[in-house]
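First the structure, in the form of structure tokens, and then the observations on it.
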Amino acid sequence: MKRLAFLTIILFAIFASSCDGPLPTAEIDKDLIVGRWMTSDEMYFEVYNSDGTGKEWDLKDDVQEDEAIPFTWEFSETSDDSFIKYYEMEIGGIVPQYCNILELSSTKFKYNNEGLRATYNLIRAN
């Protein structure tokens, strides 16, 4: 009886550990990122153009669209669910911002920023 209980525990441990590991990621339609995005309170905006340029602005910081911060962007070559935003600094140099796409549909865009550990929940703006 002890052997049966021991064998059951071992089999359960093997089965449980075989379920560990990364879950398969859903394929992302990368074309959906192009467009104008905003937070639900309509205070923060991001624009992604098909030519790899973009801009962002935050009305809470009294920054209007004509004062938007420009960036360039591209999808990561190593992952289907990440992209990189590049900001050119006024003092020179380019700073990359690595981002992971958590959700991307025709109406929702959710991603996190690895450096700032921030999550952005955006909706498609008209």
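Could you check how many residues of the range 72-87 are surrounded by 14 or more Cβ atoms within 10 Å (Cβ to Cβ) and either touching an Asp or Glu at 6+ places or on another chain (Cβ under 7 Å) or not hydrophobic (A, V, I, L, M, F, W, C) (or both)?
Here the count works out to 9.
Checking the conditions here, which among Lys60, Lys110, Lys55 is within 15 Å of Val34 (Cα to Cα) and out of contact with any helix residue (DSSP H, G or I) (no Cβ under 9 Å at 6 or more places or on another chain)?
Criteria check complete, one pass: Lys110.
Where the second residue is surrounded by 13 or more Cβ atoms within 10 Å (Cβ to Cβ) and among the β-branched types (Val, Ile, Thr) and the first is under 16 Å from Asn112 (Cβ atoms) and lies in the range 36-51, which pairs have Cβ atoms under 9 Å and are six or more apart or on separate chains?
Cβ pairs passing all conditions: Trp37/Val47; Trp37/Ile123; Thr39/Ile123.
How do the strands (runs of 3 or more DSSP E) wholly within the range 40-126 filter down when requiring 2 or more residues that are under 25 Å from Asp29 (Cα atoms) and aliphatic (A, V, I, L, M): which remain?
In the range 40-126, the matching strands (runs of 3 or more DSSP E) lie at 94-104, 118-124.
A short reminder: the numbers here are calculations on the coordinates, not readings from a lab. Computed from a prediction, not measured in an experiment: that's the story for all the values here. We place every Cβ from the backbone using ideal geometry, glycine too, and count neighbours over all the protein chains shown.
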